[in-house]
Amino acid sequence: MEEEQEVEDFEEEGEVTREIVVPGETLTEDVKNFYPGRGAIFNKEKTKIISLSIGLKQVRKNYMNVIPLRGFYTPRAGDKILGVVIDKNPVKYKLDINAKDLGMLKPKNTITRDKRSMGRGGRGGGRGRPGDRNSSNELSTARFNIGDVLIVKVLSADRLNSPELTTVGKYLGKKMGGSVISIGPQSIPRVIGRSGSMIKLLKNLTNCTIFVTQNGRIWIKGESIETERLLIEAINKIANEAHTVGLTDRIQEFLETELKKRGLK
Amino acid sequence: MPLVIKDEYPEKLFREDGKRLDGRDKLELRPIKMEVGVLNNADGSAYLEWGNNKIFAAVYGPREVHPHHLAKPDRGILRVFYRMTTFSVFERKRPAPGRREKEISMIIADCLEPVLFLELYPGTSFEVFIEVIDADGGTRCASTTVAALALADAGIPMKSLVTSLAIGKIDGELVVDLSGIEDKAGEADLPCAITWYNDQLSLLQFDGDMTLEEMNLSLDLAKNALKEIYEKQLNALKSKYIAIQEETLKQQENSTSGGEE
């Protein structure tokens, strides 16, 4: 069973007001007691703190934050994301990762070097034995094909260069079957919920395997197409109502009534 | 309502009762309707109806720059594509972008750039596509206003919104928000835009005759009218989310009261 990775919690400590702010709106004029946090800056004269994007105002300790409701995905090292192979050449795969640049996946980052293969390599002359999977695949891009759906981790990312990816790690690698849905990356924390409550609810009620990734894509695989469809509806509902209170309860109610109505239970 | 544009302009731009041809007072704006998130496949979008103007704006980005040589290694670029549909004006407009469209694209890009943090996205571009479906005077101002909304809807970090409006002089009197006929037959036209984070003008064009006093006065008039439009912009951005919030609250109240019964 796949588990979602830890994601910065949407409403962990600190009160999220349900106040919607837009770019340029004053969050506070009390600049002595508050600092601008995420999504906020001082104005030029430092007389007030203003919001940078459309979102929910949050006060955490003495920081003024804005939790954005809309936005794009920026890769960061350590993110687990879902990519689709759209191009490959003998030295690397190029993945569409819903970001500004394509992700680069090099073959050396797709194979595990366990102790045994390391030992064999160290002996010298052990390489290239016919039928040896590790050595034959070592530096070629035969492993994945164009169109494959991969869960990858970002090794390094910055503003200028294409992010480098790896498939080595827990839960990473090619995904077979299932379907991928795409929602706004800003709504992802809501799909996971406070310490994973929402995703547990979705898994328990629909018996689907869900993998939520940070670039706004969700891979799901259910027992039947009907439950998958219901799950997609529920996830879209979460994304649409990401800024409201009592979302988990409402989704539970929605799923239970819909399961009964559709005769899936 | 069909839009009737006569080839000949009327001699007087004020009616006998002192109002303008479309029944407005001197300082009255045309009715404005704004909406965000109207296009599904754009990263951000907005729609604006301003009098008889009907304008869509779509924002994409940050994304790669094509052609690649336009990319700047130290900062992102903002590109604006202002286009008018062939049926947007009285006489068919040729679809190829002309001198006027290129100019307006440029001034809108220059006007919006100060509110964005382009230095945070080197080598990328933000693209704003503005499509004028129906035009009746003041489309450059309306386009700037709707483009700012679409940028905010895309979640691109911005210092503030931008609002724009034209002040004019018709029959020797200063009026706010020129319509198509007033623009063509009037004496002066002064489009201006304001960035709200520093309350400064980001666009100022001028065409016609005006004294210095009139110019100062018209900028004051503009500021008041711009505030009115700004409120509508804020409302358009927020109302989409507030509506969902209220609806869910209502649902919750219903379900809890239903449970008690």
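Brief remarks follow.
- R0 of 45 Å, Cβ-Cβ distance residue B:28-residue A:172: FRET efficiency to nearest 0.05: 0.15
- Per-pair calculated FRET efficiency, R0 = 60 Å: residue B:96 and residue A:60 via Cβ, rounded to 0.05: 0.65
- Residue B:170 sits among other residues whose Cβ lies under 10 Å from its own Cβ, and their net charge, with Lys and Arg +1 and Asp and Glu -1, is -2.
- With a cut-off of 12 Å between beta carbons, the residues surrounding residue A:35 carry a summed charge of +4, where Lys and Arg count +1 and Asp and Glu -1.
- Backbone phi angles across segment A:37-48, fed through the Karplus curve with coefficients 6.51, -1.76 and 1.60 (θ = phi - 60°), yield HN-Hα couplings of x, 5, x, 8, 9, 6, 7, 4, 7, 6, 9, 7 Hz in residue order; Gly and Pro are listed as x.
- Normalised contact order of segment A:15-68, rounded percent, pairs of Cα under 8 Å and 6 or more residues apart: 43 percent
- Length-normalised contact order for chain B - Cα pairs under 8 Å, 6+ apart - percent: 19 percent
- Cross-link partners for residue B:93 among the lysines, with Cα-Cα distance under 18 Å and sequence neighbours closer than 8 places in the same chain left out: B:6, B:54, B:102, B:184.
- Within-11-Å neighbourhood charge of residue B:86 [Cβ basis; K, R +1; D, E -1]: +3
- Centre separation in Å (Cα based) which lies between segment B:79-124 and segment B:187-261: 22 Å
- With a Förster radius of 22 Å applied to the beta-carbon distance between residue A:249 and residue B:244, the computed FRET efficiency rounds to 0.85.
- Of the trypsin sites (Lys or Arg not before Pro) found in segment A:32-81, the ones in coil according to DSSP and having at most 11 other Cβ atoms within 10 Å of their Cβ are A:32, A:44, A:46, A:61.
- All Cα-Cα distances of chain B, cut into 5 Å bins from zero to the largest, leave 1, 6, 12, 16, 17, 15, 11, 8, 5, 4, 2, 1, 1, 0, 0 percent in each bin in turn.
- Kirkwood's formula applied to the C-alpha pairs of segment A:15-68 gives a hydrodynamic radius of 10.5 angstrom.
- Legend: distances between Cα atoms for A:57/B:227; A:237/B:232; A:94/B:159; A:57/A:175; A:61/A:203; A:32/A:200; pairs beyond 30 Å are A:94/B:159; A:57/A:175; A:61/A:203; A:32/A:200.
- Note on the protein assembly as shown: Cα-only Rg and Dmax are 27.6, 102 Å.
Each value in this text was obtained by applying a stated rule to the coordinates, not by laboratory testing. Treat the numbers as computed from the prediction; the structure is a model and nothing was measured. For neighbour counting, all protein chains shown are included, and Cβ atoms are generated from backbone atoms with ideal geometry for every residue, glycine included.
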